[in-house]
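Undergrad: Structure incoming, see below.
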Amino acid sequence: MEECPICCLNMPSKMMSGLWCGHRFCTSCWSEYISTKVVDEGTGQSITCAGFDCSVVVEDSIVMSLLKDHKVRLAYQHRISQSFVECNRQLRWCPYPDCKYVVKVQYPDARRVVCKCQNVFCFSCGASWHDPVKCSLLKKWIKKCDDDSETSNWISANTKVGLCGRFTMEQDRHYDSDSGNSSDDDDVGLEFDSEGEGIGAANRYNRDNEEFPYDVLSTEEVSQHMLECITDFNSVANIPHTTARLLLNHFRWDKEKLMERFYDSNQEKLFEEAHVAIPCKKKEDT
């Protein structure tokens with residue numbers, strides 16, 4: 001018989017379990033702890049041991065075995081997949097509302113991609129396809145439109161219609177009395193030539209004619225792709241599955257960059273940066 005440190009009940013040893021850190025709890029307390037982490041705290045990346053101040057990560061397979069509610073298990077899986085896509089530079093969710101597909105490319109670039117839902121967007125920024133406008137300029141334009149909208153709201157709230165139906169308002173912009181031009185230096189404009197192409201179009205090659213291979217993945221295929229990435233890295237690293245996932249996630253799923261650091265002379269610093277406990281490193285107090 002063993003006493004569970006959480007519920008303080010004596011349990012048969014077969015109903016107690018723990019991780020390599022040595023902290024053991026009854027199955028019921030483990031299940032309640034994991035469910036609370038997922039449902040109430042919204043934990044999705046990793047769940048650490050229930051032991052006080054213990055940083056050892058609970059393996060995904062153990063988490064799934066302890067979660068009895070099917071909806072909670074799906075929520076945990078979805079958060080892991082969501083983190084995988086958002087941290088991977090070669091993946092992007094389709095921005096169309098309620099679309100569950102993910103676009104996978106060989107290298108990230110501002111290119112036109114078409115989802116299976118027929119939504120056409122820019123892979124780099126996720127906005128609707130905007131050639132020949134660059135992503136950075138589009139971002140500035142959207143910000144300017146938002147700022148102008150706020151300006152319109154201010155005008156509506158702080159002006160009134162005067163005699164002859166004209167607005168009376170405080171002039172917030174300064175004009176050159178000689179030229180009549182505005183001195184606002186922050187104005188952003190999208191400039192086009194007479195043919196409707198961007199400035200410098202004569203020197204710009206048509207990137208749409210170039211081959212830009214990409215795949216559109218379902219949520220099941222995303223999970224499979226993540227598993228393949230982890231297995232590929234672990235064929236060399238040989239560390240716990242979830243630890244490998246967290247390290248890859250920390251390096252934005254750049255396996256080559258991770259491998260360079262993993263076999264560096266200072267592995268402890270690597271795991272510390274990724275906020276992951278070094279596998280099989282026993283705590284002195286356990």
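Readers should treat all values here as calculations from the given coordinates under stated rules, not as data from a laboratory. What you are looking at is a predicted structure, and each value in this text was computed from that prediction instead of being measured. All Cβ positions, even for glycine, are placed from backbone atoms using ideal geometry, and neighbour counts span all protein chains on display.
Undergrad: Treating each Cα of region 31-139 as an identical point scatterer and ignoring solvent, apply the Debye formula and state log10 I(q)/I(0) at q = 0.13, 0.21, 0.24 Å⁻¹.
TA: Per q value, in the given order, log10 I(q)/I(0) is -0.63, -1.02, -1.22.
Undergrad: Can you give the Kirkwood hydrodynamic radius for region 91-130, in Å, rounded to one decimal and based on Cα pairs?
TA: Values: mean 1/r = 0.1007 Å⁻¹.
The Cα-based Kirkwood calculation yields 9.9 Å.
Undergrad: Something else about it: What is the sum of charges around VAL102, taking Lys and Arg as +1, Asp and Glu as -1, for the other residues whose C-beta is under 10 Å from the C-beta of VAL102? Could you put the intermediate results ahead of the total?
TA: Numbers: positive: ARG92, LYS100, LYS104; negative: ASP215, GLU221.
Neighbour charge sum, excluding VAL102 itself: +1.
Undergrad: So for the pair TYR263, THR36, with labels modelled 7 Å out along Cα→Cβ, what separation do we get in nm?
TA: So the label points at TYR263 and THR36 sit 4.4 nm apart.
Undergrad: Could I ask something else about it? Among the trypsin sites (Lys or Arg not before Pro) in region 245-275, which ones are in a DSSP loop with at most 15 other Cβ atoms within 10 Å of the Cβ? Mind listing them?
TA: Numbers: sites: ARG245, ARG252, LYS255, LYS257, ARG261, LYS269; in loops: ARG252.
The qualifying sites are ARG252.
Undergrad: Turning to a different aspect of this structure: Mind giving me the FRET efficiency for LYS139 and GLU228? R0 is 22 Å, r the Cβ-Cβ distance, nearest 0.05 is fine. All intermediate terms of the calculation are to be shown ahead of the outcome.
TA: Working: r = 33 Å, r/R0 = 1.52.
Efficiency, from the Cβ-Cβ distance: 0.05.
Undergrad: At 0.36 nm per residue, minus the direct Cα-Cα distance, what do GLU2 and VAL72 gain on full extension? Give it in nm, one decimal, please.
TA: Details: separation 70, 0.36 × 70 = 25.20 nm, distance 2.91 nm.
Contour length minus the Cα-Cα distance gives 22.3 nm.
Undergrad: Identify the chymotrypsin sites (Phe, Trp or Tyr not before Pro) of region 42-111 meeting these criteria: DSSP loop state and at most 15 other C-beta atoms within 10 Å of the C-beta. Spell out each step's value before the answer.
TA: Values: sites: PHE52, TYR76, PHE84, TRP93, TYR101; in loops: PHE52, TYR101.
Of the chymotrypsin sites (Phe, Trp or Tyr not before Pro), the ones in loops of region 42-111 whose Cβ has at most 15 other Cβ atoms within 10 Å are PHE52.
Undergrad: In nm, what is the difference between 0.36 nm times the number of residues separating ASP146 and SER218 and their Cα-Cα distance?
TA: Working: separation 72, 0.36 × 72 = 25.92 nm, distance 3.37 nm.
Extending this stretch completely gives an extra 22.5 nm.
Undergrad: Still on this model: Residue separation times 0.36 nm, minus the C-alpha to C-alpha distance between SER28 and LYS100: what's the value?
TA: Values: separation 72, 0.36 × 72 = 25.92 nm, distance 3.42 nm.
Once the chain is fully extended between SER28 and LYS100, it gains 22.5 nm.
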